[in-house]
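Just below is one structure, and these are the notes that go with it.
Please treat every number below as a calculation from the coordinates, not as lab data. Given the structure is predicted, the values throughout are model-derived calculations rather than measurements. A quick note on method: Cβ atoms are made from the backbone with ideal geometry, for glycine too, and the neighbour counts reach across all protein chains shown.
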Amino acid sequence: IIGYLVSEGCFHHGSSYEITFTNKNPFILDEMKALMSEIFKIGYTPDISSYGIPSQRYISSGLFKWFMLNFPEIVRRSRERRAPAKILSATISCVRGFLRSAFLGDGSVETEAICYRTASRGLAEDYQDLLLRLGISSRIIRDKSGDAFKTYITGDSLLRFRDQIVDPNDRRIRVISAIVSRSR
């Protein structure tokens with residue numbers, strides 16, 4: 001849930017408190033719905049973002065405040081987001097789960113490269129630190145045209161990244177495997 005929210009979530013409070021999760025991929029939307037239902041026993045209101053992308057709106061002041069208390073690093077604007085301190089000090093299994101869901105949200109598969117793409121320099125650095133805990137090397141590049149930061153997986157770590165991070169149900173798995181094969 002945290003990986004999905006850090007990459008594709010939006011927190012808003014005003015007359016109501018809501019957490020919005022937006023994604024085009026039906027698999028990811030279904031997984032988020034199941035996780036939120038299982039863990040927090042909460043349903044969502046379906047919506048469409050201003051960009052025409054399906055959204056799940058979770059309206060709950062209690063849940064919003066819980067995230068604010070426990071994971072304040074993600075209850076921020078995109079440019080100010082960070083990986084939560086609790087994730088940075090978590091078990092390898094938790095780190096792997098966080099990176100897996102964050103890659104489903106922020107992950108980018110380019111012609112010959114794989115990266116996390118984010119508006120936050122701090123989050124790009126956090127991705128790099130977390131990847132290093134798994135023995136995966138990366139480098140950060142500033143994408144001036146997209147006003148973003150990309151944490152690229154280095155060639156010698158592509159196999160380890162695919163095997164440890166990429167979800168087997170990720171629709172990009174074949175392209176990722178082809179990139180891994182070419183890098184070897």
Self-check item: Residue list for segment 42-75, filter: touching a strand residue (DSSP E or B) at 6+ places or on another chain (Cβ under 8 Å), part of a loop (DSSP other than H, G, I, E, B) and either of a type in the set (Val, Ile, Thr) or touching a residue at least 60 places away in the same chain (Cβ under 8 Å) (or both)
Solution: Ile42, Ile53, Val75
Quiz item: Among the residues of segment 76-99, how many are β-branched (Val, Ile, Thr) and outside any helix (DSSP H, G or I)?
Solution: 1
Quiz item: Taking the condition farther than 21 Å from Arg160 by Cβ, of a type outside the set (D, E, K, R) and touching a Ser or Thr at 6+ places or on another chain (Cβ under 6 Å), does Ala124 pass?
Solution: no
Self-check item: Long-range neighbours under 6 Å by Cβ, at least six apart or interchain, first residue farther than 18 Å from Ile173 by Cα within segment 111-125, second among the hydrophobic types (A, V, I, L, M, F, W, C)
Solution: Thr118/Ala124; Thr118/Phe149; Ala119/Ala148; Arg121/Phe149; Ala124/Ile140; Ala124/Phe149
